[in-house]
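Have a look at the structure below, then the notes.
The values are calculated or read from the model by the stated rules, or taken from the named source; none is laboratory data. Computed from a prediction, not measured in an experiment: that's the story for all the values here. Every residue, glycine among them, receives a Cβ derived from its backbone with ideal geometry; neighbour counts consider all protein chains shown.
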Amino acid sequence: MPIEWYLVVSALIFSVGAAGVLTRRSPLVVLLCLELMLNAGNLALIAFSRMWGNGDGQTFAVIVMVVAACEVVIGLGLIVAMYRRRLPIDVDDLRELHG
Amino acid sequence: MSTTSAWLVLALPLAGTILIALGFKAWPGRTAGWLGTAAIFASFVFAVITFLDLQDQDEHHRQVVSTLFDYANTVGVDAKLTILVDPLSVLMILVVTGVSALIHLYSVTYMTGDRGFARYFAYLNFFVFSMLLLVLAGNFFVLIIGWAFVGAASYLLISFWYRRKTATAAGIKAFVINVVGDIGLTLGAFFIFKHTGTLDFLGTFEQAGEFGTNNGDLVAGLILLLVGAFAKSAQMPFHTWLADAMEGPTPVSSLIHAATMVTAGVYLIARMWPLFEITPAAAAVGAVVGCATLFIAATIGLAATDIKRVIAWSTMSQIGYMVMAVSSGAYVGGMFHFMTHAFFKALLFMGAGSVIGAMAGAQTMDKMGGFRRAMPFTFGCMVVGGLALAGIPPFSGFFSKDEILALLADRGGWHVALVVVGYLGAFITAIYTFRMIFRVFLGDPVPEARELEQGHLAHAEVHVNPTDGEVEDTDVGFPGPEHFIAEREAPMKVAMGLLAILAAVGGLVYIPHVTSWLHDFLHPTFAESRYFEELEPSGTLTIVGMLIGTAVGLAGIAVAYSIWVRRPGTAARWQARFPAVYRLLHNKWYFDEILDALFVRPAALLGRFAQSTFERFVVNGAIVGGATNIVRAGSQAVRAAQTGLLRSYAATLLLGVAAVILYFLIRS
């Protein structure tokens, strides 16, 4: 299968993720969409890795997954903390840092 | 020759300062005083050893330089901790340590009971150390350090009774005027250093010949040095601090006037003789100012009523003689007068301290009188000191003052005018000196004197400031509760007795055409001087000068006797008849007022302007306010981007990344 298909799928998933980050207001969904974007990136990395017959891309993908796991831990932790303090679970309402 | 002893002369007072200061609460009784006295006595012993070592040297090797360490020896600067041991500095350290040791001894009794006893001796030792550093300095660098130390020590001691407002004001006045002098000295040294490229005295003097006569830079540099000398030596117009400095304890006045401090200016001019001799313009300034000071200070002494201030004005007048002498090439005369003056002036102050003790702290002569029978020892000492000050043979002041005037007369030219003023000053000196002695010791005994004759020393129930009459307690920061007179206290008696002997016979070391010990001793320092050998008053000139000196001295005493003893009302009548003259003298020729109007008020006005206008509008408004306004306006603009909306940040990020990628895609 030519590499283009993989890249098209990757781009589609990335766009879906980006659109979700930009439009959704629930931090939980924003995190989900971020994961989509990261995994789209992973897909592209692995596709390129296969194309060149080189393991570097796969190594990179593993590292991205580790980063994604860390990010989810912190993000979910933040959301739980917000929930406990009865703050609104809405990224648009959490704008105390505006200038 | 080994210079260890000279270094020890310096080290011992410093060690005394540190030792007394570190244990100032721990020293029991008078221990601190005895420690301080011992340090200075030991220093004097080493000064004598240095003197003997120096005399063992060959005539041409009597200028010994010793360096302890290099402070900054870099490109073009040679700042080292160097001392110069030569006859001039050895004469100075002998007199300074000798007289200071006796003053310390006197202070051990005089300051007993004062709550700041140990602090007093730490300061006193530091004062002597500073003066020794000043006179032993081998280059401008050390000289400036010693010079500044002396100013700081004088400030500490003048405002020693720090709860007295008058004393702290006097201390500040002395310090500020001395700092003006310090600036003069430092700038002057720089003017000279700029040309010679060395800070070292001997190196500078070697190059003195390369300056032409009255070289412009050298004239400026030396006049700046003279500013330093005038401020330290209380010459016009920098003299106003010295009379106020009487706020310090009496032995401090004695120390400032006799051994340390005011003679520093005389020493500086004498030390710089190679520069002054090729710059007659600057030397003339020194001579004329000295001459004017000796006359004006003497006239003010006529109208002063505070016993210590009379002696203070006489110091200014006598230092005027010295400055005039060393500026005109009469080096031996100047240094000789420095030595004899140290003896009799320390003695006079000690006598005054004893009288003040008998008066339980009061200082005005209006309340004194008739102490002759109550205090025979003090009376005797004061008469010896007074005769020496008035220049009556064979007391020491007679020989030294006449030596100065004879040398100046021999110089000829316009210096003869200085001689005339000098004799006039001597006449006035004799009047005010014996005015003081007659008013204090002769006449009807005051109650304090009568009580003392019965064996009771007056004791003040309420302690007051002698200057403004404010009531004081006797805790730390004010004088202690006890008063002492020389008749009853051995240390005071010993100190005054020794000084009385020195004041009486000190002049015998240099009688013209009879003994020339001092001249021969100082010869190595002034070996290449134009005037040192050349000025040799002939026998006739010397004898005529001495006759005139004796005559004006005796005439002055006779005038004082007729005004204040034979017809006691005369002084008041004269005051009534010449009120303008009396007011002029009583207000010290209005120097305080003139300086106040010329410098203090404009400076205060400028300060107020700076505070109320410049600081408010320029500093706060334009500089500080302008900077904050720029930052505030800038951040105002940037703040709009900070919406706090997470999604807008994400959109910006995405758009930005997309734009960057697009840019590279299009370019490739």
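Can you tell which of B:81, B:88 is under 21 Å from residue B:12 (Cβ atoms) and either without any contact (Cβ under 8 Å) to a residue 60 or more places away in the chain or not acidic (Asp, Glu) (or both)?
B:81
In the list B:68, B:102, which residue meets the criterion of being part of a strand (DSSP E or B) and either within 20 Å of residue B:255 (Cα to Cα) or aliphatic (A, V, I, L, M) (or both)?
Only one candidate passes the filter, namely B:68.
Would you point out the residue of segment B:94-122, among those that are over 20 Å from residue B:502 (Cβ atoms) and among the aliphatic types (A, V, I, L, M), that is nearest to the chain's Cα centre (by Cα)?
Among those residues, the one meeting the criterion is B:122.
Residue-by-condition table, conditions (1) among the aliphatic types (A, V, I, L, M); (2) outside any loop (DSSP other than H, G, I, E, B); (3) in contact (Cβ under 8 Å) with a residue 12 or more places away in the chain:
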{"position": "B:496", "(1), (2), (3)": "yes, yes, yes"}
{"position": "B:500", "(1), (2), (3)": "yes, yes, yes"}
{"position": "B:503", "(1), (2), (3)": "yes, yes, yes"}
{"position": "B:507", "(1), (2), (3)": "no, yes, yes"}
{"position": "B:515", "(1), (2), (3)": "no, no, no"}
{"position": "B:519", "(1), (2), (3)": "no, yes, yes"}
{"position": "B:533", "(1), (2), (3)": "no, yes, no"}
{"position": "B:536", "(1), (2), (3)": "no, no, yes"}
{"position": "B:541", "(1), (2), (3)": "yes, yes, yes"}
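Hey, can you tell me all the residues within segment B:274-293 that are of a type outside the set (A, V, I, L, M) and over 11 Å from residue B:323 (Cα atoms)? First the steps, then the outcome.
Filtering segment B:274-293 for residues of a type outside the set (A, V, I, L, M) gives B:274, B:276-277, B:279-280, B:286, B:290-291, B:293.
Those that are of a type outside the set (A, V, I, L, M) and over 11 Å from residue B:323 (Cα atoms): B:274, B:276, B:277, B:279, B:280.
Filter segment B:658-668 down to the residues that are assigned to a helix (DSSP H, G or I) and more than 10 Å from every other protein chain (Cβ to nearest Cβ) and list them by number.
Hits for segment B:658-668 are B:659, B:660, B:661, B:662, B:663, B:664, B:665, B:666, B:667.
Taking residue A:99 as the residue in question, decide whether it is at pLDDT below 95, farther than 30 Å from residue B:634 by Cα and either of a type outside the set (A, V, I, L, M) or under 13 Å from the mean Cα position of the chain (by Cα) (or both).
no
Restricted to segment A:47-78, and to residues that are under 30 Å from residue A:2 (Cα atoms) and among the charged types (D, E, K, R), which residue is nearest to the other protein chains (Cβ to nearest Cβ)?
Filtering segment A:47-78 for residues that are under 30 Å from residue A:2 (Cα atoms) and among the charged types (D, E, K, R), the one nearest to the other protein chains (Cβ to nearest Cβ) comes out as A:56.
Residue B:262: under 30 Å from residue B:486 (Cβ atoms), outside any loop (DSSP other than H, G, I, E, B) and within 15 Å of the chain's Cα centre (by Cα), yes or no?
When the stated conditions are applied, residue B:262 does not pass them.
Mind checking which residues of segment A:5-20 are within 14 Å of chain B (Cβ to nearest Cβ) and hydrophobic (A, V, I, L, M, F, W, C)?
Of everything in segment A:5-20, those that are within 14 Å of chain B (Cβ to nearest Cβ) and hydrophobic (A, V, I, L, M, F, W, C) turn out to be A:11, A:14, A:16, A:18, A:19.
Going through B:494, B:476, B:471, B:552 one at a time, which residue ends up being under 29 Å from residue B:168 (Cβ atoms), surrounded by 14 or more Cβ atoms within 10 Å (Cβ to Cβ) and within 31 Å of the chain's Cα centre (by Cα)?
B:476
Take the residues in segment A:21-41 that are among the β-branched types (Val, Ile, Thr) and over 26 Å from residue A:5 (Cα atoms), then tell me which one is farthest from the other protein chains (Cβ to nearest Cβ).
A:29
Could you please tell me which pairs satisfy a Cβ distance under 8 Å, a separation of 6+ or placement on different chains, a first residue in segment B:571-594 that is without any contact (Cβ under 8 Å) to a residue 12 or more places away in the chain, and a second residue that is of a type in the set (Ser, Thr, Tyr)?
Pairs that qualify, where the first residue is without any contact (Cβ under 8 Å) to a residue 12 or more places away in the chain and the partner is of a type in the set (Ser, Thr, Tyr), are B:574/B:582; B:575/B:582; B:584/B:590.
How about segment B:634-651: which of its residues are part of a helix (DSSP H, G or I) and either away from chain A (no Cβ under 14 Å) or of a type outside the set (A, V, I, L, M, F, W, C) (or both)?
B:634, B:635, B:636, B:639, B:647, B:648, B:649
For residue B:194, are the conditions met, namely being part of a helix (DSSP H, G or I), among the basic types (Lys, Arg) and free of Cβ contacts under 8 Å to residues at least 40 places away in the same chain?
The answer is yes for residue B:194.
Does segment A:79-97 include one or more residues that are more than 14 Å from chain B (Cβ to nearest Cβ), outside any helix (DSSP H, G or I) and among the basic types (Lys, Arg)?
The answer is yes, given that some residue of segment A:79-97 is more than 14 Å from chain B (Cβ to nearest Cβ), outside any helix (DSSP H, G or I) and among the basic types (Lys, Arg).
For residue B:10, are the conditions met, namely being more than 30 Å from residue B:115 (Cα to Cα) and crowded, with 17+ Cβ neighbours inside 10 Å?
Criteria not met by residue B:10.
Looking at segment B:434-445, can you tell me whether even one residue there is within 30 Å of residue B:366 (Cβ to Cβ) and among the acidic types (Asp, Glu)?
Step one: filter segment B:434-445 for residues within 30 Å of residue B:366 (Cβ to Cβ), giving B:434-445.
Among the residues that remain, those that are also among the acidic types (Asp, Glu) are: B:444.
The answer is yes, given that some residue of segment B:434-445 is within 30 Å of residue B:366 (Cβ to Cβ) and among the acidic types (Asp, Glu).
Which residue, of B:189, B:208, is modelled with pLDDT under 85, in contact with a helix residue (DSSP H, G or I) (Cβ under 7 Å, 6 or more places away or on another chain) and not in a loop (DSSP other than H, G, I, E, B)?
Details: B:189 fails: modelled with pLDDT under 85.
After applying the criteria, what remains is B:208.
Against the conditions (1) surrounded by fewer than 21 Cβ atoms within 10 Å (Cβ to Cβ); (2) of a type in the set (Val, Ile, Thr); (3) over 20 Å from residue B:506 (Cβ atoms), where does residue B:419 fall short? Just the number, please.
All conditions pass for residue B:419, except number (1).
Condition first: surrounded by fewer than 20 Cβ atoms within 10 Å (Cβ to Cβ) and either in a helix (DSSP H, G or I) or modelled with pLDDT of 90 or more (or both). Now tell me which residues in segment B:160-172 satisfy that.
Step one: of segment B:160-172, the residues surrounded by fewer than 20 Cβ atoms within 10 Å (Cβ to Cβ) are B:162-163, B:165-166, B:168-169, B:172.
Within segment B:160-172, B:165, B:166, B:168, B:169, B:172 qualify.
Report, by residue number, each residue of segment A:51-78 that is assigned to a helix (DSSP H, G or I) and without any contact (Cβ under 8 Å) to a residue 12 or more places away in the chain.
Across segment A:51-78, the qualifying residues are A:52, A:56, A:59, A:62, A:63, A:66, A:69, A:70, A:73, A:74, A:77.
Kindly evaluate residue A:44 against the criterion of being among the small types (Gly, Ala, Ser) and either closer than 26 Å to residue B:655 by Cβ or within 14 Å of chain B (Cβ to nearest Cβ) (or both).
yes
Give the number of residues within segment B:83-113 that are in contact with a Phe, Trp or Tyr (Cβ under 8 Å, 6 or more places away or on another chain) and over 20 Å from residue B:495 (Cα atoms).
Residues that pass the stated criteria total 6.
Quick check: is even one residue across segment B:35-53 at pLDDT below 85 and loosely packed, with under 14 Cβ neighbours inside 10 Å?
no
Scan segment B:498-519 for residues that are within 28 Å of the chain's Cα centre (by Cα) and within 30 Å of residue B:279 (Cα to Cα) and jot them down.
B:510, B:517, B:518, B:519
Hey, residue B:187 hits all of (1) over 21 Å from residue B:237 (Cα atoms); (2) more than 19 Å from the chain's Cα centre (by Cα) but one; which does it fall short on?
(1)
Of everything in segment A:12-58 that's of a type in the set (Gly, Ala, Ser) and out of contact with any helix residue (DSSP H, G or I) (no Cβ under 7 Å at 6 or more places or on another chain), which residue is farthest from residue B:646 (Cα to Cα)?
Among those that are of a type in the set (Gly, Ala, Ser) and out of contact with any helix residue (DSSP H, G or I) (no Cβ under 7 Å at 6 or more places or on another chain), it is A:53.
Looking at segment B:277-381, what helices (runs of 4 or more DSSP H) fall wholly within it and have at least 3 residues that are surrounded by fewer than 24 Cβ atoms within 10 Å (Cβ to Cβ) and not aromatic (Phe, Trp, Tyr)?
Once the helices (runs of 4 or more DSSP H) in segment B:277-381 are filtered for at least 3 residues that are surrounded by fewer than 24 Cβ atoms within 10 Å (Cβ to Cβ) and not aromatic (Phe, Trp, Tyr), what remains is B:280-303.
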